[in-house]
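Read through the structure below, which is laid out as structure tokens, and then see the notes.
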Ligand SMILES: Nc1ncnc2c1ncn2[C@@H]1O[C@H](COP(=O)(O)OP(=O)(O)OP(=O)(O)O)[C@@H](O)[C@H]1O
Ligand SMILES: [Mg+2]
């Protein structure tokens, strides 16, 4: 799809009136969403509210019951688990399904995520963080117009998670896909996203542009105000000050 609006980048995702039910349970009940190339959109929401379902619809893995979903053609997803093929070396995983001529691009993608020395390693020998970097390289090499991230940092330890967040932030700023990051972590959303929405009861309970300079400071009072607002939309009371 194409079309350029006033805000700059071309529209990469356009969802209107999206509805999806599983049996009697309506998960998405009229979702509207537009994301442009270069825009980083984060989606928060309690467990079971339909975040993964929305990503799967965007990836083309699930059909909507109603509404229109338009998305740029090159889309790729990174999941919570790296999903590497154990019987293939790292570089072969990154270029899986691509022609042999893409090996150079695969090496460059591995270098971008800091794994250039691991191209011949077997997935089982990688740490959790390294395996997730390999998954990121596998996504990057496909030059996605739309990058779908389903809790990609959730299984990592706290320090690795922060490093990976910074890496994803840098890579997205450089390659400028439209990004949808699903996360349970309000601070992660506030560190990375241009816009944050909360999915609740089938609709976006909040959808706000995050007007904070980068790099983001989690201790900034303005960040704290966003955090309180999103936590209350999530139904979580922020901790009282000491
Ligand atoms: N294929 C399916 N068949 C039946 N029900 C489904 C199917 N896929 C999802 N659901 C249901 O739809 C709801 C939303 O699921 P989904 O995985 O999208 O939630 P989520 O917001 O990603 O949750 P979490 O934060 O726990 O990952 C859940 O109640 C789930 O059980
Ligand atoms: Mg999910």
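Within the stretch 196-219, how many residues are modelled with pLDDT under 95 and crowded, with 22+ Cβ neighbours inside 10 Å?
0
Only one of 166, 150 is within 16 Å of ligand 2 (Cβ to nearest atom) and modelled with pLDDT of 95 or more; which?
Going through 166, 150 in turn, just one is within 16 Å of ligand 2 (Cβ to nearest atom) and modelled with pLDDT of 95 or more: 150.
Which residue pairs have Cβ atoms under 9 Å apart, sit 6 or more places apart or on different chains, and have a first residue in the stretch 230-242 that is closer than 19 Å to residue 193 by Cβ and a second that is at pLDDT below 95 and loosely packed, with under 10 Cβ neighbours inside 10 Å?
These pairs meet every condition: 231/237.
List pairs: first residue in the stretch 23-52 and within 23 Å of residue 236 (Cα to Cα) and without any contact (Cβ under 8 Å) to a residue 60 or more places away in the chain, second residue in a strand (DSSP E or B) and within 16 Å of ligand 2 (Cβ to nearest atom) anywhere in the structure, Cβ distance under 9 angstrom, at least six positions apart or on different chains.
Final answer for the pair search is 48/27.
Yes or no: the stretch 99-110 includes at least one residue that is at pLDDT 95 or above and outside any helix (DSSP H, G or I).
Scanning the stretch 99-110 turns up at least one residue that is at pLDDT 95 or above and outside any helix (DSSP H, G or I).
Wholly within the stretch 147-233, which strands (runs of 3 or more DSSP E) include no fewer than the required count, namely at least 3 residues that are within 21 Å of residue 79 (Cα to Cα)?
On the way: elements: 178-182, 195-200, 203-209.
Passing ranges, in order: 178-182, 195-200.
Collect the residues in the stretch 60-110 that are loosely packed, with under 13 Cβ neighbours inside 10 Å and closer than 14 Å to residue 123 by Cα, keeping them in residue-number order.
Matches in the stretch 60-110: 85, 86, 87.
Tell me, which residue of the stretch 7-58 that is outside any strand (DSSP E or B), surrounded by fewer than 20 Cβ atoms within 10 Å (Cβ to Cβ) and more than 13 Å from ligand 1 (Cβ to nearest atom) is modelled with the lowest pLDDT?
Checked the stretch 7-58; the qualifying residue modelled with the lowest pLDDT is 7.
Check 178, 134, 158, 193 and return the single one that is buried (at least 21 other Cβ atoms within 10 Å of the Cβ), within 26 Å of residue 124 (Cβ to Cβ) and away from ligand 1 (no atom under 16 Å from the Cβ).
None of the other options fit; the residue is 134.
Please indicate, with yes or no, whether at least one residue in the stretch 75-95 is more than 11 Å from ligand 1 (Cβ to nearest atom), part of a helix (DSSP H, G or I), closer than 17 Å to residue 168 by Cβ and modelled with pLDDT of 95 or more.
Scanning the stretch 75-95, I find at least one residue that is more than 11 Å from ligand 1 (Cβ to nearest atom), part of a helix (DSSP H, G or I), closer than 17 Å to residue 168 by Cβ and modelled with pLDDT of 95 or more, so the answer is yes.
The values are calculated or read from the model by the stated rules, or taken from the named source; none is laboratory data. In this text the structure is predicted, and so the values were computed from the model without any measurement. Reconstructed Cβ throughout: ideal geometry from the backbone, glycine too, with neighbour counts over all protein chains shown.
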